[in-house]
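For reference, the structure is listed below as structure tokens.
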Amino acid sequence: MKAGRVLHLNLYLGGHLSTRAPVRVVDSGPDGLLLWLAVGSPVWQAVLLAGSHLRDVPPEERPAAGYPLEAGRWHRGNALIYQPNGACHAIWWLFSSAAGDGGFSGWYVNLEHRRRDADGIDVFDLELDITVGPDGNWQWKDEESFAAKTGHPTYWTSREAEDIRAEGRRIARLAESGVFPFDGTWCDFTPPPSWSFPELSPRPTTPSVR
């Protein structure tokens with residue numbers, strides 16, 4: 001896949017589209033796909049009541065066809081995203097400041113399932129995540145909400161939850177050992193100056209999946 005190509009990253013929470021963001025391919029190969037998500041990129045995002053988050057709304061209380069989407073901007077800082085082939089996680093290198101001028105601040109391990117097609121990547125979030133500091137210290141994130149969703153037919157069974165947590169533990173051991181991807185690789189990454197913001201993609205036509 002050619003470097004600089006724009007793909008659509010579609011984040012689904014409990015079967016409903018939360019965000020569609022454009023990402024640029026940094027590198028691709030037999031081991032995985034490396035992507036760049038720039039702060040300020042145009043995105044589509046689900047419209048909920050002020051102060052609510054899609055992950056906190058029970059699936060049975062959501063509109064069957066998904067929430068309406070509105071155009072916005074990615075505001076969570078720059079991120080380099082590595083999606084290893086065949087793995088149920090992605091590693092995000094976070095470059096924090098929301099203004100886009102901050103240096104490397106740590107890693108975010110997103111436990112997930114993925115589905116790719118020619119134009120994009122569907123990410124089905126598994127709720128439980130891990131944050132890893134620049135010093136390699138790590139901690140679980142969203143353990144309570146992960147436990148609350150376990151057993152619900154929209155999410156995962158107790159046995160699947162064990163597998164999800166095991167995947168997280170496996171990655172945490174890599175952080176403890178200071179080996180790739182937690183060995184300093186790509187922590188000084190900067191995108192080519194020629195990479196301007198991609199255009200806003202067409203409005204997604206599948207705000208929910210079953």
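The values are calculated or read from the model by the stated rules, or taken from the named source; none is laboratory data. In this text the structure is predicted, and so the values were computed from the model without any measurement. With ideal geometry, Cβ positions are generated from the backbone for all residues, glycine too; neighbour counts draw on all protein chains shown. Remember, those area values only see protein heavy atoms, side chains included, never the ligands or the DNA or RNA. Shrake-Rupley method; radii C 1.70, N 1.55, O 1.52, S 1.80 Å.
Remarks
- Residues in segment 122-151 that are open to solvent by 50 Å² or more (accessible area, probe 1.4 Å), within 19 Å of the chain's Cα centre (by Cα) and on the phi > 0 side of the Ramachandran plot: there are none.
- In segment 1-19, the residues that are free of Cβ contacts under 8 Å to residues at least 24 places away in the same chain and charged (D, E, K, R) form Cβ pairs under 7 Å with partners that are surrounded by fewer than 19 Cβ atoms within 10 Å (Cβ to Cβ) and part of a strand (DSSP E or B), at six or more places apart or across chains, as follows: K2/V25; R5/V25.
- One residue stands out in segment 9-19 among those that are on the phi < 0 side of the Ramachandran plot and open to solvent by less than 40 Å² (accessible area, probe 1.4 Å): the one that is farthest from the chain's Cα centre (by Cα), namely H16.
- Residues in segment 80-91 that are small (G, A, S) and either farther than 15 Å from D125 by Cβ or buried (at least 21 other Cβ atoms within 10 Å of the Cβ) (or both) were compared, and the one that is modelled with the lowest pLDDT is G86.
- Residue-level analysis places G136 among those that are touching a helix residue (DSSP H, G or I) at 6+ places or on another chain (Cβ under 7 Å) and under 28 Å from G29 (Cβ atoms).
- Scope segment 44-67; condition in contact (Cβ under 8 Å) with a residue 40 or more places away in the chain and open to solvent by 60 Å² or more (accessible area, probe 1.4 Å); matching residues: D56, A64, A65
- Number of positions in segment 41-99 that are more than 15 Å from the chain's Cα centre (by Cα) and on the phi > 0 side of the Ramachandran plot: 3
- Verdict on E70 being in a strand (DSSP E or B), open to solvent by 20 Å² or more (accessible area, probe 1.4 Å), among the acidic types (D, E) and without any contact (Cβ under 8 Å) to a residue 40 or more places away in the chain: yes
- Hits in segment 171-193 - residues which are assigned to a loop (DSSP other than H, G, I, E, B) and free of Cβ contacts under 8 Å to residues at least 12 places away in the same chain: V179, F180, D183, G184, T185, T190, P193
- Restricted to segment 152-210, and to residues there that are touching a Ser or Thr at 6+ places or on another chain (Cβ under 7 Å) and either open to solvent by 30 Å² or more (accessible area, probe 1.4 Å) or among the charged types (D, E, K, R) (or both), the residue that is farthest from W93 (Cα to Cα) is S158.
- Taking the numbered list (1) modelled with pLDDT of 95 or more; (2) open to solvent by 20 Å² or more (accessible area, probe 1.4 Å); (3) within 29 Å of G40 (Cβ to Cβ) in turn, A99 passes all entries but (1).
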